[in-house]
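First the structure, in the form of structure tokens, and then the observations on it.
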Amino acid sequence: MIPILFAAPLFNDLAMRFIHALSRLPDVRLGVISQEPQEKLPPDVRQGLAAHWRVENALDPGQLAWAARSLSQQLGPPHRLLAINEQIQVPLAEVREQLGIPGTTAAVAQNFRDKAQMKAVIRAAGLPCARHRLATHAQEVWDFAGEVGFPIVVKPPAGAASQDTFRVGSPEELRALLANTPLHPGDPILLEEFITGEEYSFDTFSIHGKALWHSWTHYLPAPLEVTRHDWIQWRVVLPREDDDRLVKDIRPVALRALEVLGMDTGLSHMEWFRRADGSVAISEVGMRPPGAQITTLMSRAHAFDCATAWGRLMIFGTFDPPTRQYAAGAAFLRGYGQGRVRAVHGLDQIQQAFGPWITEAKIPQIGQEKATSYEGEGYIMVQHPETAVVEQTLLSIVQTVRVELG
Ligand SMILES: Nc1ncnc2c1ncn2[C@@H]1O[C@H](COP(=O)(O)OP(=O)(O)O)[C@@H](O)[C@H]1O
Ligand SMILES: [Mg+2]
């Protein structure tokens, strides 16, 4: 039996899906590290755990090392120490190094976590991405805005899920933002030139630095638009085709970027833009499976289980590239205004019109609080052999379904 450790600060849906998949791999004895008690796991997931260690703060390398050591006393020396969460990647890599567990190094994890460093590495390789600067003084912010022009983007150097990322469109908006954002010498903010274009992902399975396979998605509209307008019911489309032009342009850039950043073995999630003039630019890349339900879309479009494939790759170093058989997509359901969910309208109509293409749905529940994340109060996912049908169906869903808050 092979001892494998998986760290998940919280037991969200995605973490539970990965725990479930890992625990079912042959010969794996799974130890889980989390902030939440194992009692929070549903019985079928909990059953798969050989051991569990609870920590107060899963992002603290000291606590992670303590948990990993304690679990290795129960299970034997861990073969891998894994996680899918974005924020945990660097502390986890530090603990791997400390305990001599094979896997991505902390230096590489930092390249994927620190957006300023990531952009510096990507630009140094001559690859396209937004101009950027770290700033700790208001003057630096004004200087940068003067150089690149408005709009600019202001974000934390190591964020996730578009939280605290702002588009600043004018000197007035910048003045207001600076008034509300005290700058500290030890706590820089990241400034970026604003890239106008369509936004996509490029998701890659790699082994020992060699890309084996990719899939891609289109965000409609861009996540920043979605967080700026908390009522937008947005869509993610995973096209069936490897659109000649788009993929031909981004693929070499994406693969070279992964190489210079030091991607080792795993599933990476890159975000990128295509400008109106056709040029592409990398936005950011994480060395972990994607969120925003993209992992599920990848599973549906390729008729495989993405979480299991990731587990096999990470633990046994094997990967069978699946063939794309469908287009897939998600429509995120989001209420307008404030309050709790009072009603969800239009579901019957959608079920009647598109029922056979719906693969899964999380329907907002009456009384549920308004979501804080851009994933909204719920979602509906569809799959179909034709990309155009998926696109049209998602559009109909977001135009028909209405989450009433109050
Ligand atoms: N330089 C940029 N130009 C235009 N839009 C941007 C830029 N940087 C970020 N965004 C928008 O903000 C969103 C969140 O920023 P991102 O760097 O991806 O942070 P996160 O780690 O939170 O996903 C992106 O998905 C994109 O829509
Ligand atoms: Mg992002």
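Would you tally the residues in the stretch 159-202 being charged (D, E, K, R), away from ligand 1 (no atom under 12 Å from the Cβ) and under 23 Å from residue 274 (Cβ atoms)?
The total comes to 0.
Does residue 234 satisfy the criteria of being of a type in the set (Phe, Trp, Tyr), in contact (Cβ under 8 Å) with a residue 12 or more places away in the chain and away from ligand 1 (no atom under 12 Å from the Cβ)?
no
Check 84, 88, 101 and return the single one that is within 16 Å of ligand 2 (Cβ to nearest atom) and modelled with pLDDT of 95 or more.
Just a single option satisfies the conditions, and that option is 84.
Considering each of 387, 400, 393 in turn, give the residue that is within 25 Å of residue 327 (Cα to Cα), surrounded by fewer than 18 Cβ atoms within 10 Å (Cβ to Cβ) and touching a residue at least 24 places away in the same chain (Cβ under 8 Å).
Residue meeting the stated conditions: 400.
Taking the criterion of being surrounded by fewer than 17 Cβ atoms within 10 Å (Cβ to Cβ) and touching a helix residue (DSSP H, G or I) at 6+ places or on another chain (Cβ under 8 Å), would at least one residue in the stretch 137-148 satisfy it?
The answer is yes, given that some residue of the stretch 137-148 is surrounded by fewer than 17 Cβ atoms within 10 Å (Cβ to Cβ) and touching a helix residue (DSSP H, G or I) at 6+ places or on another chain (Cβ under 8 Å).
What number of residues in the stretch 323-358 are of a type outside the set (A, V, I, L, M) and in contact (Cβ under 8 Å) with a residue 60 or more places away in the chain?
13
Please find, within the stretch 159-204, the residue that is most open to solvent (accessible area, probe 1.4 Å) out of those that are polar (S, T, N, Q) and more than 16 Å from ligand 2 (Cβ to nearest atom).
180
Looking only at the stretch 311-319, decide whether some residue is without any contact (Cβ under 8 Å) to a residue 60 or more places away in the chain and of a type outside the set (Phe, Trp, Tyr).
yes
Within the stretch 245-278, can you find the residues that are outside any helix (DSSP H, G or I) and of a type outside the set (Gly, Ala, Ser)?
Answer for the stretch 245-278, where residues must be outside any helix (DSSP H, G or I) and of a type outside the set (Gly, Ala, Ser): 263, 264, 265, 267, 269, 270, 271, 272, 273, 274, 275, 277.
With the structure loaded, tell me whether residue 229 is more than 28 Å from residue 318 (Cβ to Cβ), free of Cβ contacts under 8 Å to residues at least 40 places away in the same chain, assigned by TED's automatic domain parsing to the domain that holds residue 328 and within 19 Å of the chain's Cα centre (by Cα) or whether it fails that test.
In short, no.
To keep it simple, each residue is scored yes or no on (1) of a type in the set (A, V, I, L, M, F, W, C); (2) modelled with pLDDT under 95; (3) within 17 Å of residue 292 (Cα to Cα); (4) out of contact with any strand residue (DSSP E or B) (no Cβ under 9 Å at 6 or more places or on another chain).
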position: 335; (1), (2), (3), (4): no, no, no, no
position: 340; (1), (2), (3), (4): no, no, no, no
position: 348; (1), (2), (3), (4): no, no, no, yes
position: 360; (1), (2), (3), (4): no, no, yes, no
position: 366; (1), (2), (3), (4): yes, no, no, no
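Can you name every one of the strands (runs of 3 or more DSSP E) wholly within the stretch 334-406 that holds 1 or more residues which are in contact with a His (Cβ under 9 Å, 6 or more places away or on another chain)?
402-405
When you check residue 69 against the structure, is it closer than 24 Å to residue 292 by Cβ, among the basic types (Lys, Arg), not assigned by TED's automatic domain parsing to the domain that holds residue 284 and not in a strand (DSSP E or B), yes or no?
no
Collect the residues in the stretch 205-239 that are assigned to a loop (DSSP other than H, G, I, E, B) and more than 16 Å from ligand 2 (Cβ to nearest atom), keeping them in residue-number order.
208, 209, 229, 230, 231, 232, 233, 239
Go through (1) under 30 Å from residue 340 (Cβ atoms); (2) in contact (Cβ under 8 Å) with a residue 60 or more places away in the chain one by one and return the number of the condition residue 221 breaks.
Every condition holds for residue 221 apart from (2).
What number goes with the only condition from (1) modelled with pLDDT of 95 or more; (2) surrounded by fewer than 18 Cβ atoms within 10 Å (Cβ to Cβ) that residue 215 does not pass?
So the condition that residue 215 fails would be (2).
Residues checked against (1) open to solvent by 60 Å² or more (accessible area, probe 1.4 Å); (2) assigned to a loop (DSSP other than H, G, I, E, B); (3) at pLDDT below 95:
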| site | (1), (2), (3) |
| --- | --- |
| 11 | no, yes, no |
| 18 | no, no, no |
| 33 | no, no, no |
| 44 | yes, no, no |
| 50 | no, no, no |
| 58 | no, yes, no |
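Looking at (1) in contact with a Ser or Thr (Cβ under 9 Å, 6 or more places away or on another chain); (2) open to solvent by less than 30 Å² (accessible area, probe 1.4 Å); (3) at pLDDT 95 or above, find the lone condition where residue 274 falls short.
(1)
The values are calculated or read from the model by the stated rules, or taken from the named source; none is laboratory data. Because the structure is predicted, anything quoted here is derived from the model rather than measured. We place every Cβ from the backbone using ideal geometry, glycine too, and count neighbours over all the protein chains shown. Quick note on the areas: whole protein, heavy atoms, side chains included, nothing else; ligands and nucleic acids left out. Shrake-Rupley method; radii C 1.70, N 1.55, O 1.52, S 1.80 Å.
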